[in-house]
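Shown next, in structure tokens, is the structure this report addresses.
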Amino acid sequence: QVQLVESGGGAVQFGGSLRLACAVSGSTFDIGVMGWYRQAPGWQRELVASISSSANTNYADSVKGRFTISRDNAKNTVYLQMNSLKPEDTAVYYCNARTAATSYWGQGTQVTVSS
């Protein structure tokens with residue numbers, strides 16, 4: 001089993017920054033890609049950014065140049081640095097970890113950006 005716990009969400013103004021963290025515990029040895037997803041009210045959950053075990057990254061077009069995903073394998077933690085935040089970034093952000101067999105999700109953390 002794998003447990004994911006997100007932290008770092010909150011409320012910021014337009015143009016502000018936040019750093020999300022996702023601490024992973026449990027059977028982490030076969031985790032491959034990790035990612036951050038978000039879901040706004042009335043919208044489907046969407047991929048924000050992902051990072052492989054070899055640190056290859058992928059970003060949604062809407063966050064390229066503003067968000068940076070990173071992972072510290074020694075600490076079993078993945079981060080999402082979010083800069084130049086916009087009101088449309090408001091959502092619940094979820095951490096995801098994938099193995100060959102399954103996918104794990106955190107409980108989510110709220111990010112609210114006011115104009």
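Out of the chymotrypsin sites (Phe, Trp or Tyr not before Pro) in the stretch 15-115, which ones are loop residues according to DSSP with at most 13 other C-beta atoms within 10 Å? Intermediate results must be reported in sequence, preceding the final value.
On the way: sites: PHE29, TRP36, TYR37, TRP43, TYR59, PHE67, TYR79, TYR93, TYR94, TYR104, TRP105; in loops: PHE29, TRP43.
Loop-located and lightly packed - PHE29, TRP43.
Figure the gain on full extension for ALA100 and ASN83 (residue separation times 0.36 nm, minus the Cα-Cα span) and round it to one decimal in nm. Please report the intermediate quantities before stating the final value.
On the way: separation 17, 0.36 × 17 = 6.12 nm, distance 3.21 nm.
Gain in length upon complete extension: 2.9 nm.
Label points 7 Å out from Cα along the Cβ direction at ASP30 and GLN13: separation in nm?
5.0 nm
Taking the alpha-carbon centroid of each part, what is the distance from the stretch 61-92 to the stretch 94-115 in angstrom?
Value for the Cα centre distance between the two parts: 11 Å.
Please list the three semi-axes, largest first and in whole Å, of the ellipsoid equivalent to the chain, using sqrt of 5 times the eigenvalues of its alpha carbon gyration tensor.
24, 14, 13
Test of understanding: what is the full-extension gain from GLN110 to ASN56, defined as 0.36 nm times their sequence separation minus their Cα-Cα distance?
Between GLN110 and ASN56, full extension yields 16.8 nm more.
Once you treat every alpha carbon in the stretch 17-79 as an equal point and sum by Debye, what is log10 I(q)/I(0) at q = 0.14 Å⁻¹?
The Debye formula, applied to the Cα set alone, gives -0.43.
Using a 1.4 Å probe over the heavy atoms of the protein chains, calculate the carbon and sulfur portion of the accessible area of the chain as a whole percent.
On the way: 2960 of 6050 Å².
Its accessible area is 49 percent carbon and sulfur atoms.
Of all beta bridges DSSP finds with both residues in the chain, what is the antiparallel percent, to the nearest 5?
Working: 38 of 42 bridges.
Rounded to the nearest five, the antiparallel share is 90 percent.
For the charge dipole of the chain, defined by +1 on Lys and Arg C-beta atoms and -1 on Asp and Glu C-beta atoms about the Cα centroid, which residue among MET82, VAL111, SER52 has the Cα displaced farthest towards the positive pole?
Selected residue: MET82.
With only Lys, Arg, Asp and Glu charged, each at its Cβ (+1 for the first two, -1 for the last two), find how big the charge dipole of the stretch 41-80 is about the Cα centre; round to the nearest 20 debye. Please list the in-between numbers first.
Values: 5 positive and 3 negative charges, 15 e Å.
Here the stretch 41-80 has a charge dipole of around 80 debye.
The values are calculated or read from the model by the stated rules, or taken from the named source; none is laboratory data. Computed from a predicted structure; not experimentally measured. Because the Cβ atoms are built from the backbone with ideal geometry, glycine has one as well, and the counts that use them run over all protein chains shown. Quick note on the areas: whole protein, heavy atoms, side chains included, nothing else; ligands and nucleic acids left out. Shrake-Rupley method; radii C 1.70, N 1.55, O 1.52, S 1.80 Å.
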